[in-house]
Amino acid sequence: MTKRVIVVNFEVSSQAYQAFSNVKKAHIERKIKGEQMAVVTHKNEGTHHFKVEDFIDFTGTNKTSRGGMIGMLLGIVAGPLAMMLGWFGGSMIGASQDAQEIKRANTIFELLSREIGEGDTGLIVIAEEEDNRVLNQLLTYDLAGRIHRFDYEEVEAELKTVKDIEKTTKENAKKVWEANHPE
């Protein structure tokens, strides 16, 4: 089985909720092994953010929508680093010594902001798939969703890279601020 982070967008918001129900049923029937799943809406009420409309943790660890990988993904996509890197503007801005790392880390984050656009509702699933035809049938053929699959370990590495870059950026910003605003 391959553990994946799966992002699905739909033409109609109600299809994301139907997909949530269908995937939950497939997990109960042991057709897939789900870990977490969320229906998310991309809001822009002054700042971009993703609102979790529905969430389930299949593992029984009682993680909330903020805990675990889905929460981290959504937090990064809607955070200040995302704005600085232009993930919502369609292009990366600024130069950085970490440009190569940022470019690699952009993949899932840019896809989330692009594929689940402003006002759209989509589905994020973390699951192990023995056969991708199960979700293809439920999400693509039955509900006309567009599926994007990412290797879980690669997404985990991308999250770490972005968190490291975010930490370095904050530290550098603090140093510059302190240098320009002595007490």
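The values are calculated or read from the model by the stated rules, or taken from the named source; none is laboratory data. Since the model is a prediction, treat every value here as computed from it, not as a measurement. So basically every Cβ, Gly included, is an ideal-geometry build from the backbone, and we count neighbours across all protein chains shown. Each accessible area value is taken on the protein alone, full model and side chains, heavy atoms only, with ligands, DNA and RNA left out. Shrake-Rupley method; radii C 1.70, N 1.55, O 1.52, S 1.80 Å.
Please work out the FRET efficiency for the pair S14 and E154, using the Cβ-Cβ distance as r and a Förster radius of 25 Å; give the result to the nearest 0.05.
That gives a FRET efficiency of 0.20.
Please compute the modelled spin-label separation between K24 and E53, points set 7 Å along Cα→Cβ, answer in nm with one decimal.
That separation, rounded to one decimal, is 1.4 nm.
Grab the other residues whose beta carbon is less than 12 angstrom from that of K170, score K and R as +1, D and E as -1, and report the net.
Result for the neighbourhood of K170: +1.
Sort Y152, Y17 by heavy-atom solvent-accessible area, probe 1.4 angstrom, most to least.
Y17, Y152
Calculate the FRET efficiency for D142 and N172 from the Cβ-Cβ distance with a Förster distance of 30 Å, rounded to the nearest 0.05.
That pair, D142 with N172, gives E of 0.05.
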